[in-house]
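Comments concern the structure below.
The values are calculated or read from the model by the stated rules, or taken from the named source; none is laboratory data. Values in this document were obtained by computation on a predicted structure and should not be read as measured data. Every residue, glycine as well, gets a Cβ built from its backbone with ideal geometry; the counts of neighbours run over all protein chains shown.
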Amino acid sequence: MGDPYTPTPTQPSTTEGQGLPPAVGLRAKDLLRIVFGLIFAIDAWLKWQPAFRSEYIGILKTAAQGQPAWLHGWFHFWITLVQPRADLFAYATAVIETLIAAALILGLARKFAYVSAALFMLLVWATAEGFGGPYTAGATDIGTAVIYAVVLLALLALDHESAPSRFSLDRLVERRLSWWHHVAEARWRH
């Protein structure tokens, strides 16, 4: 008898080339994307509040406190860049997070949205969240933005491993614009 975990020719694997089973994978993947988009929408709404704009530079300065000496130049660069135009950066943050939320909820330009949003969240983690540090006694987490980036990259991986999303605007756009799959789909066409 062969290994029970190795698929035989009459027993195809659901992981080799096929991704997740369609009945489960598509619905769960789309639901996860939409729920995460709603979480981003709440986050974006908070960024539109006047308190965020008034505290924007203070958030950066607080993140810089207690950082190791070799990171002082990094935080000094961002504080110097942002301080004269803090309102512009605060509004830009609100706009970017709103666009991310809309892209996730609607399923629009998914591949581009996942990658660019993950990079944006890593920038937030490296600036406003101070890399989640300083890591001293009593530190309890590494920051939320890095977790957001991981979830976004996981959504990209799910898209790559499963069939195209049923519940996305990308599906409709791809019918009209054949090149749109380069922006929307993580899976390479063969």
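Does Phe89 count as in a helix (DSSP H, G or I), under 22 Å from the mean Cα position of the chain (by Cα) and either more than 29 Å from Ser165 (Cα to Cα) or without any contact (Cβ under 8 Å) to a residue 24 or more places away in the chain (or both)? Answer is yes for this residue.
Among the criteria (1) closer than 30 Å to Phe167 by Cβ; (2) among the β-branched types (Val, Ile, Thr); (3) at pLDDT below 95; (4) part of a helix (DSSP H, G or I), the one Thr98 does not fulfil is (3). Going residue by residue through the stretch 124-133, is there one that turns out to be assigned to a loop (DSSP other than H, G, I, E, B), among the polar types (S, T, N, Q) and at pLDDT 85 or above? Yes; the residues of the stretch 124-133 include at least one that is assigned to a loop (DSSP other than H, G, I, E, B), among the polar types (S, T, N, Q) and at pLDDT 85 or above. Taken as a whole, the structure places Val115 among residues that are at pLDDT 85 or above and either surrounded by fewer than 17 Cβ atoms within 10 Å (Cβ to Cβ) or in contact with a His (Cβ under 8 Å, 6 or more places away or on another chain) (or both). Within this structure, Ala103 passes the test of being closer than 20 Å to Ala41 by Cβ, buried (at least 18 other Cβ atoms within 10 Å of the Cβ) and either among the acidic types (Asp, Glu) or in contact with a helix residue (DSSP H, G or I) (Cβ under 7 Å, 6 or more places away or on another chain) (or both).
Checking Gly138 against (1) modelled with pLDDT of 85 or more; (2) loosely packed, with under 14 Cβ neighbours inside 10 Å: exactly one of these is not met. Which one? Evaluating Gly138 over (1) modelled with pLDDT of 85 or more; (2) loosely packed, with under 14 Cβ neighbours inside 10 Å leaves (1) as the failure. Of everything listed in (1) under 20 Å from Leu60 (Cα atoms); (2) surrounded by 15 or more Cβ atoms within 10 Å (Cβ to Cβ), the single unmet condition for Thr144 is (2). Could you please give the count of residues in the stretch 31-79 that are exposed (fewer than 15 other Cβ atoms within 10 Å of the Cβ) and not in a helix (DSSP H, G or I)? Total satisfying the criteria: 4.
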